[in-house]
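Structure record follows, encoded as structure tokens.
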RNA sequence: GCUCGAGUGGUGGAAUUGGUAGACACGCAAGACUUAAAAUCUUGUGUCCAUUAGGACGUGCGGGUUCAAGUCCCGCCUCGAGUACCA
């Protein structure tokens, strides 16, 4: 075999490992570069072809930066706590640590075969006690901190306790759930338990009874971002609301900074927008309306300028005041409506937005400015969970209020000057207000300010900013996660001392909740814990996102036993320069990682407050699933073209049993036990044809393509180049191996460039000719430009072009080929390293320097001008490149080919762009 | 509904500031080598008309700006992703 990729790849992978070729230096005169791919959760299915896509891109970039003289950090690790290993443990009794270890090993083998330049000495695993010791430590810091809204940063809780002792809490502007005001005297008089309860309302991680998303099937609570379409993201199980005592993270304290600092990072607009929506800032006012009976109803509005347009009010059906204010006459109707609403699931309620429904309570509120009577309704378009669960309805300015008013025949008052609201509400903020007392003739934006001023002056309410972002639930009733460094004494939580960390996971007999519904850790006896204090330890564990919120910091200083990262190393490596990963983490991981980074910055542990400077989201690689069709009546499997003659259910078939849509019948029977006795209704030619569809790759769809088979058949270098060649990194694309032979052929042709017919090295020291140098320098320029704008697919084409051109030129000059090897080495490191050695280089190509582009080689004496007539290219005319505009024009017009298109007429206009084009207007 | 992104040959895609549309590859077709196949190599390959020469049309659709538009502007259509009674 001429190009023996198997031997070559094994040889150099061993060499790189033995020589620590990719070790990042902690100190260097070179500028630093931190390139990072999101670390994977090691699932049982192994790596599929979608995983390496991002890794290959960050690897190419890391290598490219290294060749350009940067000190590069390019690490890899594993997000190794998580649900699947635990679900597997519940089913089989196997300890999740064993499952995880097994999966990890397989991941590593797969990764190693692809030839990544990871610095494995810096590997981190979130489930490693040496790692989660620091996750627990960061949790402790959050517990010992509060958020000062005056300084806009987190501060130590000790400073807060001091203030309480001297001035009470009235003058403190904090992000807190504490509403009660107390004096310094009060504070001193409180018991420890009372003081602790108050401090809980300030801490950045806190214990509170809160409504949580409870997933009975998984036996745990879930964060909002772990729920998609009303069901759990993992497993697709239903979720219900439940009041539970849980640890939470006060991420809302950082809402404003998380929003503003998006402007300082180079991410896609789409991800930034998703974060903005998730944070959901709305500026407006809280206004209190009094009912005729004297109850207070607080509403939140972003349009206080429209307050004179209020013609009714709406409460959420669950609003606590509903039963109190409803008059006897309307009681039955209101209760019926409440009942109807409660029967609807959250999902149904959101799905059906067209049906207008509601009920009048019989009660009236008094308009704070006009004193008018305003009807109070309940309706399910007002949500209990947002704002105050009550709105002041302004039909002329809000479409939902407009529709509601029309439906129930409520008055629609127009307070916008010269605006027609006969068809729909006017929701733009650019109208002039009228019929509104002191707001008359003001444009909306000014009116908003004045309205808030008046509302505050009269004591009806105040200006307020609301966020959709909620505090994040941080406890999970699961086994396979970080234990909390927390114990309880008399139901008061206390922290475990630093020198006793980590609190490691105790052994348990089963990975299920206890009979009385406590989390699995409650099964552990006192002596099963390595650290046990007080009445009992915390039984909850941390969520999956705990470990992944700071792992990028640990890579900087992975073996530090005295700190999660030393300040010195954090200062050196600083932000991640390039972060590559999927966009599915837009509102989860990326928000939490930003939050923790900002917190650690506030506390002075690190010197930057955004973790990821530049981010690229690789598109998903989709799989091509195959389907079989089972007749519901007979249970027989019906072939694709006959499926319509039967009542069939569509089932996934393993794509490895399908070749060109034809099913391997014996293989299918042997695949799953329930198919052992399968019978078939075949095509007329006796084959079974499968259906197919492009969808997400997943184990349950049996459409997972692993990279292993391709590495085996074509080699890692081919796989690397091919995954990049597929198309733009950010774009989603179906996986298709059709084109891979073309890329493999390129590498073989590249190999032949260095060898004669008998596969002997054939490289000369002779001076290369001009054409070869031109090809080389054209390629240097292209690769540099492409990579600098993160275009990973186009360099492969340019490598092919260069190889094709040099082959046509019979170029075997060492001077040219040597530089070409460096160019290609970031994409195909193994073959380049091998040829590099063969042409007599002594040191690894990973230590080489990226060639310098010299424009002189691209200078040509002649350029073939495309000559257009009326914008249509007609012919090409070679002319000297240094010819003046006037001479070019004269030369083109006097050329005999022009005569035909001019047809005897004089040109109206001639445009000459030197070195580009000539256009003649006739 | 809103936000973001994308629509280019049979296919994946290229064209960085408006300046030769379809690079590179796959596939397909013809040929060479071979007993044959595979592999390899050569040539061709946007569509339509034309024997050729050549011509017309072509980047989702309709307009516009310009000497020149895949690229810029206006109005639509389709697909993908995210998100939603957020007051």
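Readers should treat all values here as calculations from the given coordinates under stated rules, not as data from a laboratory. Since this is a predicted model, take the numbers as computed values, not measurements. Backbone-built Cβ (ideal geometry, glycine too); neighbour counts: all protein chains shown.
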Cα-only Debye scattering, the range A:395-435: base-10 log of I(q)/I(0) at q = 0.22, 0.24 Å⁻¹: -0.63, -0.74
Compute for the range A:633-746: radius of gyration divided by Kirkwood radius, i.e. Rg/Rh, restricted to C-alpha atoms, rounded to two decimals. 1.05
May I ask for the distance between the Cα centers of the range A:157-202 and the range A:481-522, given as a whole number of Å? 28 Å
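According to the Kirkwood expression over distinct Cα-Cα pairs, how big is the hydrodynamic radius of the range A:126-278, in Å? Walk me through the numbers before you get to the answer.
On the way: mean 1/r = 0.0553 Å⁻¹.
Computed over the range A:126-278, the radius equals 18.1 Å.
From largest to smallest, what semi-axes in whole angstrom does the range A:765-922 give when each is the square root of 5 times an eigenvalue of its alpha carbon gyration tensor?
Details: eigenvalues 362, 50, 31 Å².
In descending order the semi-axes read 43, 16, 12 Å.
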Chain A: relative contact order from alpha carbon pairs under 8 Å, six or more residues apart, as a whole percent, is 12 percent
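Between residue A:440 and residue A:408, what FRET efficiency comes out of the Förster formula 1/(1 + (r/R0)^6) with R0 = 45 Å and r the beta carbon distance, rounded to 0.05?
Working: r = 29 Å, r/R0 = 0.64.
Calculated transfer efficiency: 0.95.
Please state, as a whole number in µm²/s, the translational diffusion coefficient that the Stokes-Einstein equation yields for the range A:224-313 at 4 °C and 1.567 mPa s, with Rh defined as the Kirkwood radius across alpha carbon pairs. Write out the running numbers ahead of the final one.
Numbers: Rh = 17.4 Å.
Estimated diffusion coefficient is 74 µm²/s.
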If every alpha-carbon in the range A:763-853 counts as one equal scatterer, what log10 I(q)/I(0) does Debye give at q = 0.10, 0.13, 0.20, 0.25 1/Å? -0.23, -0.40, -0.97, -1.44
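Answer rounded, prolate or oblate for the range A:63-184, using the Cα gyration tensor with square roots of eigenvalues a ≥ b ≥ c: rounded when a/c is under 1.5, else prolate when a/b is larger than b/c, else oblate. Let's see the in-between values first.
On the way: a/c = 4.26, a/b = 1.84, b/c = 2.32.
Since a/c reaches 1.5 but b/c is at least a/b, the shape of the range A:63-184 is classed as oblate.
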Volume per residue that the Cα convex hull of the range A:615-692 spans, once the total is divided by residue count, Å³: 120 Å³
State the extension gain, in nm to one decimal, for the chain segment bounded by residue A:574 and residue A:789, taking 0.36 nm per residue of separation less the distance between their alpha-carbons. 75.2 nm
In bins 5 Å wide, starting from 0, what share of all Cα pairs of the range A:1-123 does each bin hold, as a percent? 2, 10, 17, 19, 17, 14, 9, 7, 3, 1, 0
Hey, what angle do you get for helix A:740-752 against the long axis of chain A, alpha-carbon based, 0 to 90 degrees rounded to 10? 40 degrees
Kirkwood radius from Cα pairs of chain A plugged into Stokes-Einstein at 37 °C, 0.692 mPa s, gives D in µm²/s equal to 99 µm²/s
Projected onto their principal axes, the Cα atoms of the range A:681-760 stretch, largest extent first, over whole-Å spans of 57, 38, 19
Inter-label distance for residue A:261 and residue A:525, nm, one decimal - labels placed 7 Å from Cα along Cα-to-Cβ: 4.7 nm
Gap in Å between the Cα centre of the range A:782-853 and the Cα centre of the range A:599-664? 36 Å
Return the inverse of the average 1/r over all pairs of distinct C-alpha atoms in the range A:229-388, which is the Kirkwood hydrodynamic radius, in Å to one decimal. 18.7 Å
Using Cα atoms only, what is the angle between the long axis of helix A:157-167 and the major principal axis of chain A, expressed in degrees (0 to 90) to the nearest 10? 30 degrees
Per DSSP H run of at least 4 residues, take -39500 (n - 2.57); add these up for chain A, divide by its residues and hand me the 222 nm value, nearest 500 deg cm²/dmol. -10000 deg cm²/dmol
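Please state, to two decimals, what the Cα-based radius of gyration of the range A:54-135 comes to when divided by 2.2 N^0.38 Å (N = residues). Before the final figure, lay out each step's value.
Numbers: Rg = 15.7 Å, N = 82, 2.2 N^0.38 = 11.7 Å.
Ratio of Cα Rg to 2.2 N^0.38 Å: 1.33.
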Degrees between helix A:96-113 axis and first principal axis of chain A (Cα, 0 to 90, nearest 10): 30 degrees
Percent of Cα-Cα pairs per 10 Å bin, from 0 to the last occupied bin, for the range A:498-654, please list those. 9, 22, 18, 20, 16, 10, 5, 0
Calculated FRET efficiency for the pair residue A:896/residue A:234, C-beta based, R₀ 51 Å, to 0.05: 0.10
